[in-house]
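Undergrad: Provided herewith is a single structure, encoded as structure tokens, for subsequent inquiry.
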Amino acid sequence: MTVSDERIGAARAADAEPRVLSAPLSGRKGRRWLACLRDLLFPPQCAACGAETGETGGTGALCPACFAECRFLTGPACRSCARPEPRLSAPDPDYICDACQALPPAWDRGVAVARYGGPIRTLLLRLKRADRLDTVPMLGAWAYRVARPLLADADLIVPVPLHWTRRLSRRFNQSAEIARALRATAQEAGGPVPSLDPGALRRIRCTPSQSGSFAERRANLDGAIVARPGLDLSGKRVLLIDDVLTSGATLDVAARALRKAGAEGVDACVIALAGSRDEPYVRAIPRDGEEADVPLLTPTANQTASDPSSQTASVGAPAAAGLTKGAPLWPNRSRFTPRRSAPSA
């Protein structure tokens, strides 16, 4: 048998085998066609207001109007609570605000994406109460933008837990979903990707909705969050994830539980900062032509570092902050040790 005969026989054998036709919509080109068809039938809408965004290839985007209303935090801030500090002329990675010096949180460094309110509030409420999981990838990408320095040092990502009854009614833990999206974004970006342990912390007691002062919130959560039995975090640095930071009581209890399990360090990342009624240091950097949401704390003649009760807030918007002239800056706090303060305005 010659070589040509062998080739002819092989070709006939190949023709005799059944052929599997490739699907016309498989591969990258097929997925692109399917995405175009989906966008044609279901035009992408703004995740906050519902207006058509003109974006293609996914959901969860914001329209230009809602994006402009988001109060993203990009200026100088406290390294612990991430509260904006307009009195600083440039970002200072070592700056700690007066409130965190007076009452240090249990975590080391904190970052936040934006102020709570407007479209940010709408996104988080729809995520928790309307099952809008399509917004999670966007929230995770935002969290990655601010948490990259913390991810480089982290060994583990841990979300703030929900009690099983609340998770049963909600069907998911919004903090865990944001943590997964954050880690997925880190993988796509090719950066450091710490491990994720959604069950590292457990909420063993169902607590009522948080309200009141920091001390009341802290007492409400006392013993409610614990580490998983047998969890050993010796020598590890943990990145704690939550959706909203108000007084910091929830993150404080969670961070203490992680340190009790042996964590060497704990950092925190949240999507939004919300104001607390008894913490007048919570403030926002106002836009041009706007007043701050609460009075900016500027030194007055009678301020002394050794007597915080004598320090008063300059009255810029007392009604918004619930303050009157002469109100103390650090309610219910009797000790203050200055570590680093901002320059005078």
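Nothing in this text is a laboratory measurement; each read-out follows from the coordinates by a stated rule. The structure presented is a predicted model; accordingly, all values stated were derived computationally and were not measured. Glycine also receives a Cβ, built like all others from the backbone with ideal geometry; neighbour counts cover every protein chain displayed.
Undergrad: Among residues other than residue 203 whose Cβ falls under 11 Å from its Cβ, what is the net charge (Lys/Arg +1, Asp/Glu -1)?
TA: Value of the local net charge: +4.
Undergrad: Taking K and R as +1 and D and E as -1, what net charge do the other residues with C-beta under 13 Å from the C-beta of residue 241 add up to? Write down the numbers at each step before the final one.
TA: Numbers: positive: 180, 183; negative: 177, 197, 242, 243, 267.
Spelling it out: positives minus negatives among the neighbours equals -3.
Undergrad: Let me ask something additional. Tally Lys/Arg at +1 and Asp/Glu at -1 over every other residue whose Cβ is under 9 Å from the Cβ of residue 271; what's the total? Could you put the intermediate results ahead of the total?
TA: Details: positive: none; negative: 242, 243.
Surrounding charge for residue 271 is -2.
Undergrad: Please give the contour-minus-distance gain from residue 169 to residue 31: 0.36 nm per residue of separation, less the Cα-Cα distance, rounded to one decimal in nm.
TA: This chain segment gains 46.2 nm when fully extended.
Undergrad: Between residue 195 and residue 72, what is the FRET efficiency for a Förster distance of 22 Å, r being their Cβ-Cβ separation, to the nearest 0.05? Don't skip to the answer; put the middle values down first.
TA: Values: r = 28 Å, r/R0 = 1.29.
The computed FRET efficiency comes out at 0.20.
Undergrad: Could you work out how much longer the chain between residue 126 and residue 148 gets when fully extended? Use 0.36 nm per residue separation minus the Cα distance between them, nm to one decimal. Don't jump to the answer; show the numbers that get you there.
TA: On the way: separation 22, 0.36 × 22 = 7.92 nm, distance 2.61 nm.
Result: 5.3 nm gained on full extension.
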